[in-house]
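Worksheet: the structure to be examined is printed underneath.
The values are calculated or read from the model by the stated rules, or taken from the named source; none is laboratory data. Because the structure is predicted, anything quoted here is derived from the model rather than measured. Every residue, glycine as well, gets a Cβ built from its backbone with ideal geometry; the counts of neighbours run over all protein chains shown. The accessibility values were calculated without ligands, DNA or RNA, using every heavy atom of the protein model including side chains. Shrake-Rupley method; radii C 1.70, N 1.55, O 1.52, S 1.80 Å.
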Amino acid sequence: MSKKGTKYIFVVGGVMSGVGKGVASASIGKILQSRGVEVTALKIDPYVNVDAGTMNPTEHGEVFVLDDGMECDQDMGNYERFLDRDLTRTNYMTTGSVYLSVIQKERNLEFGGKQVEVVPRIPLEIIERINKAVEKANAKVAITEIGGTVGEYENILFLEAVRMLKIKNPHDVVLVLVSYVPALGAGGNELKTKPTQHAVRSLNAVGLNPDIILARAHIPLDDKRKAKIEFMCSLEKGDVISAPNVGNIYEVPVNFENDGLGDRIFMKLDIVPPNKDMKEWREMVTEMNNATKSVRIGIVGKYFGTGEFVLEDSYISVIESVRHAGGALGCKPEIIWLNSEQFEKDPKSLKELDKFDGIIVPGGFGSRGIEGKIAVAEYCRKEKIPYFGLCYGMQIATIEFSRNVLGLKDAHTTEINPDTKNPVIDIMPEQKKNLKDKNFGATMRLGAYPALLKKGSIAAIAYGASEISERHRHRYEVNPEYIERLSKEGLVFSGTSPDGRLMEIAELPKSKHPFYLGAQFHPELKSRPLNPHPLFVAFIKACAAGKK
Ligand code: GLN
């Protein structure tokens, strides 16, 4: 069942959701990796959806896309950002995907005529997938985050997989509980350990006890509280690690390491790590925290929650990419959310954009707020405010340019107006059949595609390369019939697919605008703190240069 020589770390959450399991898992990975042990990270989502592609970002946060086109949970983005590794679809599973493959195997007669029982079959499938991911990544340790909270029904079979592995290989498996430790009282400094004790009881009920508890609280835990949790939860001294709130998530591995987490894990897993440290990571965090030059970036979104509260989770990779680029340039970006619908209701409010050093129009779907975004693109183009369009943001810039420079007043995307006479953004023929069949799951251009860059363009200079690979998630493209006219009027398609059919980057030349660029792909999916994305760097640089 276990793979010889492989070590397994499982991360589960206690007390409530949103305690930071994703960042904790990524941080554990970073610590092990920085000390010379190769890791891979997996995410388990305990819902029936086969992947995250069919979910609205307001439901579940951003849909993260991997090189191989897998549409998955935003935590996969955290893993890639912290580990600076490209992960694959094997690293992500849901209840739906696990059942689907077991059922497919049953249909293929792969169980030799036997009755197929939920236990052990489903846990075995889960373990098999973890082993596959380890093999693919050539890793020594698999860190697997189990979504949800202990004590709920949904993740029980995943916990059973942990139990099955652990009874067979007690020295190869470490179970980490990330638990919330609330504070009572006005000052809020009296930390309460009881909810964590209850979470551990829930784990006990399924035959497990944590080996390590990461105690998430608004402040670091004092020794008394640590000792209490250790005693009540049958742990040894040193097994409770503080996970205080931080201003910058990249500090988390540093805090854990300062509290002794790496040594604890290595001891429990019987690993002697090569003697490395987190020097490069620590320096990056210090650089980010010490950056002073402020730049005001407006992000025009539409995935807002109730009221004007923005669901930052819907744009998490965009936010992180801005921060990575800022850190590398000594800038502290201030992100301000702008609701695109506001510009539709009140066009005069476009004047507000003057206060910004740069504007990002991120990806999106559907008609809500689109006219507001088109108005923003026009304003930024005319007023020479740096503009960076991500996927929909590139399509919107193309629509705006067609309407206001080419004079095609009804130019639109057929996603919104299927009957427009000027479908400057349209669906490619090969995708049309799927849509007609209402087969929406995984019907987009998904994952990594190569693109060629035009010599001397802003894009080519930013990347310092002539060929790139970037990740996509969209159905529509710039309609080839309009390319000649758009180019003639000055919109430069500086990135195209190798066959020249698909427009991947559109930009205005430096002589016309300080920075006006849209990418059909999602550069935010490939930015990492130790390796910021070149287009974000170029954008923030332009914002800082024109600072008001
Ligand atoms: N809605 C657009 C399309 O499907 C853009 C998608 C996106 O921004 N991810 O082509």
Completion exercise
Rounded to the nearest 10 Å², the accessible area of Val15 using a 1.4 Å probe with every protein chain kept is 60
Exercise for the section: On a 0 to 90° scale, report how tilted helix 370-383 is relative to the longest principal axis of the chain, with both axes built from alpha carbons and the result rounded to the nearest 10. Expected result: 60
Exercise for the section: Quick one: compute the contact order of region 481-529, relative version, from alpha carbon pairs under 8 angstrom and 6+ residues apart, as a percent. Expected result: 24
Problem - Length-normalised contact order for region 271-418 - Cα pairs under 8 Å, 6+ apart - percent - result: 22
Problem - Accessible area of Glu344 in the full protein assembly, 1.4 Å probe (Å², nearest 10) - result: 80
Handout entry: Accessible surface, the chain, averaged per residue in Å² (probe 1.4 Å)
Key = 42
Practice task
Filter the trypsin sites (Lys or Arg not before Pro) in region 335-399 down to the DSSP loop ones having no more than 15 other Cβ atoms within 10 Å, then list what survives.
Solution key: Arg368, Lys384
Exercise for the section: Could you work out the Rg to Rh ratio of region 233-309, with Rh taken as the Kirkwood radius (inverse of the mean 1/r over all Cα pairs)? Expected result: 1.14
Handout entry: 22 Å Cα-Cα threshold exceeded, pairs from Lys43/Lys276; Lys136/Lys276; Lys488/Lys510; Lys237/Lys279; Lys30/Lys226
Key = Lys43/Lys276; Lys136/Lys276; Lys237/Lys279; Lys30/Lys226
Practice task
Treating the angle as unsigned and between 0 and 90°, give the value, to the nearest 10°, between the Cα long axis of helix 194-205 and the longest Cα principal axis of the chain.
Solution key: 70
Problem - the chain: calculated mean residue ellipticity at 222 nm from DSSP helix runs of at least 4, using -39500 (n - 2.57) - result: -11000 deg cm²/dmol
Handout entry: C-alpha long axis of helix 21-34 to longest principal axis of the chain, angle in °
Key = 80
Fill in the blank from the handout: Counting only protein heavy atoms with a 1.4 Å probe and every protein chain in place, the carbon and sulfur fraction of the accessible surface of the chain in whole percent equals 52
Exercise for the section: Just order 127-137, 107-117 by mean Cβ neighbour count inside 10 Å, highest at the front, would you? Expected result: 127-137, 107-117
Practice task
At q = 0.11, 0.21 Å⁻¹, what is the base-10 log of I(q)/I(0) for region 264-345 according to the Debye formula with one equal point scatterer per Cα and no solvent? Please give it to two decimals.
Solution key: -0.50, -0.96
Fill in the blank from the handout: Hull surface over four for the Cα convex hull of region 133-208, reported in nm², is 6.9
Handout entry: Sequence-distant residues sharing a close amide H with Thr144 (under 5 Å, placed H)
Key = Ile9, Phe10, Val11, Leu42
Exercise for the section: Report the equivalent ellipsoid semi-axes for region 1-68 in whole Å, largest first, defined as the square roots of five times the eigenvalues of the gyration tensor built from alpha carbon atoms. Expected result: 25, 16, 14
Exercise for the section: Collect residues whose amide H, placed 1.01 Å from N in the peptide plane, falls under 5 Å from the amide H of Glu334; neighbours closer than 5 in sequence don't count. Expected result: Val295, Arg296, Ile297
Exercise for the section: Find the all-direction average of the projected area of the Cα convex hull for the chain, expressing the result in square nanometres with one decimal place. Expected result: 27.1
Fill in the blank from the handout: Ratio for region 334-392, C-alpha Rg to 2.2 N^0.38 Å, reads 1.02
Handout entry: region 186-302: projected area of the alpha-carbon convex hull, averaged over directions, in nm²
Key = 12.0
Exercise for the section: Please provide three numbers in whole Å: the alpha-carbon extents of region 399-548 along the principal axes, with the largest listed first. Expected result: 46, 36, 31
Practice task
Report Trp337's accessible area, 1.4 Å probe, all protein chains in place, as a number in Å² to the nearest 10.
Solution key: 50
Handout entry: Computed Rg/Rh of region 444-513, alpha carbon atoms with Kirkwood Rh
Key = 0.96
